[in-house]
Amino acid sequence: MQQLEQALKTALQTAAQAVFGVEVPTASLTLQPTRKEFAGSFTLVTFPLTKALGKGPEQIGQALGEWLKVNEPRVSGYNVVKGFLNLEIADAQWLQLFQQVLAQPAGAPVAVGGPQRVVVEYSSPNTNKPLHLGHLRNNFLGYSVAEILKATGATVTKANLVNDRGIHICKSMLAYQRFGHGETPQEAGMKGDHLIGKYYVLFDKHYREEVKQLEAEGVATDIAKKKAPLITAAQEMLQLWEAGDEQVVGLWKLMNGWVYEGFDETYRTIGVDFDQYYYESETYLLGKARVEEGLEKGVFFRKDDGSVWVDLTAEGLDEKLLLRADGTSVYITQDLGTAELKYEQFGYDSSIYVIGDEQNYHMQVLQAALKKLGKPYAEAIHHLSYGMVDLPSGRMKSREGTVVDADELVREVVDAARAATLEKGKTEGLSEAELEQLYHMLGLGALKYYLLKVDPKKRMLFNPEESVSLEGHTGPFIQYSHARIAAIRRKAAEMGIAETFDAAAISALHETEAELVQLLAAYPALLAEAARQLSPSVMGQYAYDLAKAYNRFYVAVPIFAETNEAQRSLRLALSARVGEMIKVSMGLLGIQVPERM
């Protein structure tokens, strides 16, 4: 496709020289896809040429279009709408372009010249609660970005940093210690991560009661929050953990073990994976060493209370705490250590952190602190900052138990897919096991596509009813298009109809056929754009556009009723490649597509 665009720009330069006697630089020639309501495939914006060519935009369009129609075999016609010259491409050119597309395997790697050694860190759960809707957006984004970068030929490591220590973990541990009575996931009939999450919520409930009691006794709110018995006990537990207290560490290992079993089950269900796990409990000590290094170099400083800080006011970021006065670490302490550990292991050109935009400041501080330390990998850090997911009722809060649980949500969308499929009555010929696999594929496809079709930078509202809709701009619509194509290919194979065609025997193309070729040829450029922007939504939109265009093609032209053998085989070849590219592009989103529906 890029070769065709470049050829058209060269022809336009020649036309301008021939008609106006003026040499027009390539940079002045902007080609864009023609809008659907007008005939044509490429549109030249003529407004920027008026000064150089000394004519009005419509005159320029008419003159250039007429010259191209007579002298450029790639152009079969044109039309001018105000300052826009719409170019119609000859059918022979589309056929040639389709043959070039078929010469490459579907989804072949596309070199974009970006970083070649990449670490994508995503998920990063806390071991005090189960995964929720916000985690799903994070997991789906991270997995998809990694797959997109792989498709550009990069070597990608998928990393998961587990936040398995800190005050929030101690809150769950303390609540379990006080109120758990030795309860196990088996006894409770709950996944381990859900059981521990229950105690995190329980801690907050009792903590709030303690704060209210202190307030009733005349204690100021800010003092009450710091002096409530539960929070001081949790802080003491954190100090005992860092000191290696045998009883506290034993409870921590037991509870974390339950959580990991729960996480692994969820990851398998939602179809994400990791090449490398890091644990904050193992990286925070390395982070503390980097804090000591900063003190020795004089780029960090210690306050009178013993806490360690970095002054980033010159960078417009204020002062940032790196180590508490009691010697315990904070989030950024272990982040300093993990960044170094990842670089030592993988020597990355780019280290991508998939973290919500509420952590923008934190990530700026991390990079600035690493620069202060003179670390060579500081510039390689990239924050893929995504918008948070809101509910119609407001923001989710784990400690208040107002989250949309990931496991429950997956069950809901699978149930919705089951109901919609049964309602349409399209279940004949499939076993119960195959049907359950189909329902899971459709439900998860609906959920993933809903969360990935939105640009990552945008905050989004999660509408439960809309998310499980199986019609319209949805994952299942695209999945159904693939299943339709698979059925067509099976029927063609049974009839012995080949998917190879003789281009010389085809006299003309329908506009929907040309549209499909143009979309198929656009894949490399769109993949490159998705990789540059780290935006799966680009590939999501591509898959949707491809499915929509195929459905227009399917309605507009016959396949099996076509009497021209070459034309029929061309349409089968188009169907086959469209099906393959839907599978490839949806695969980059982590979405499977069914062969039957």
Computed over the chain: longest principal axis from alpha-carbon atoms vs helix 91-102 long axis, angle to nearest 10 degrees, is 40
Relative contact order for region 406-587: what is it in percent, counting Cα pairs under 8 Å that are at least 6 residues apart?
26
Could you work out the relative contact order of region 122-400, using alpha carbon pairs under 8 angstrom and six or more residues apart, expressed as a whole percent?
20
Cross-link reach from Lys303 to lysines, straight Cα distance under 25 Å and at least 8 residues apart if same chain, gives Lys225, Lys226, Lys227, Lys288, Lys320, Lys371, Lys372, Lys375
To one decimal place, what Kirkwood hydrodynamic radius in Å is obtained for the chain from all pairs of distinct Cα atoms?
27.8
Averaging over all projection directions, find the projected area of the Cα convex hull of region 2-89 and quote it in nm² with one decimal place.
4.9
Rounded to two decimals, what ratio of Rg to Rh does region 186-293 give with C-alpha atoms and a Kirkwood Rh?
1.07
Show that you can apply the helix-only estimate: for the chain, add -39,500 (n - 2.57) for every DSSP H stretch of four or more residues, divide by all residues, and state [θ] at 222 nm to the nearest 500.
-18500 deg cm²/dmol
C-alpha long axis of helix 565-587 to longest principal axis of the chain, angle in °:
20
Please give the charge dipole size of the chain, origin at the Cα centre, charges +1 on K and R Cβ atoms and -1 on D and E Cβ atoms. Round to the nearest 20 debye.
1100
Cut-off of 10 Å, at most 13 other beta carbons, DSSP loop: longest stretch of the chain lacking such GluC sites (Glu not before Pro)
218-427
Can you put Lys491, Lys36 in order, fewest other beta carbons within 10 Å first?
Lys36, Lys491
Virtual spin-label span in nm between Asp349 and Glu215, 7 Å along Cα→Cβ
5.5
Given H placed 1.01 Å from N in the peptide plane, which residues other than close sequence neighbours of Glu319 have an amide H under 5 Å from its amide H?
Leu312
Residues whose modelled amide H sits under 5 Å from the amide H of Asp390, counting only those 5 or more places away in sequence or on another chain, are Met460, Leu461, Phe462
A correct fewest-to-most ranking of His181, His482, His362, His194 by other Cβ atoms within 10 Å would be His181, His362, His194, His482
Using amide H atoms built in the peptide plane, which far-off residues or other-chain residues are under 5 Å from Tyr279 H to H?
Val162
Classify region 406-587 as rounded, prolate or oblate, taking a ≥ b ≥ c as the square roots of the eigenvalues of its Cα gyration tensor: rounded when a/c is under 1.5, otherwise prolate if a/b is larger than b/c and oblate if not.
oblate
So what is the relative contact order for the chain, in percent, with contacts set as C-alpha pairs under 8 Å and at least six apart?
14
Roughly how tilted is helix 2-20, in degrees to the nearest 10 and between 0 and 90, from the longest Cα axis of the chain?
50
If Ser172, Ser281 are placed from fewest to most neighbouring beta carbons inside 10 Å, the sequence is Ser281, Ser172
Among Lys453/Lys583; Lys448/Lys491; Lys36/Lys548, the pairs whose Cα-Cα distance exceeds 19 Å are Lys448/Lys491
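Every number in this text was worked out from the coordinates using simple rules, so none of it is lab data. As the structure is a prediction and not an experimental result, all values here were calculated from the model. Quick reminder, even Gly has a Cβ in these numbers, built from the backbone with ideal geometry, and neighbours come from all protein chains shown.
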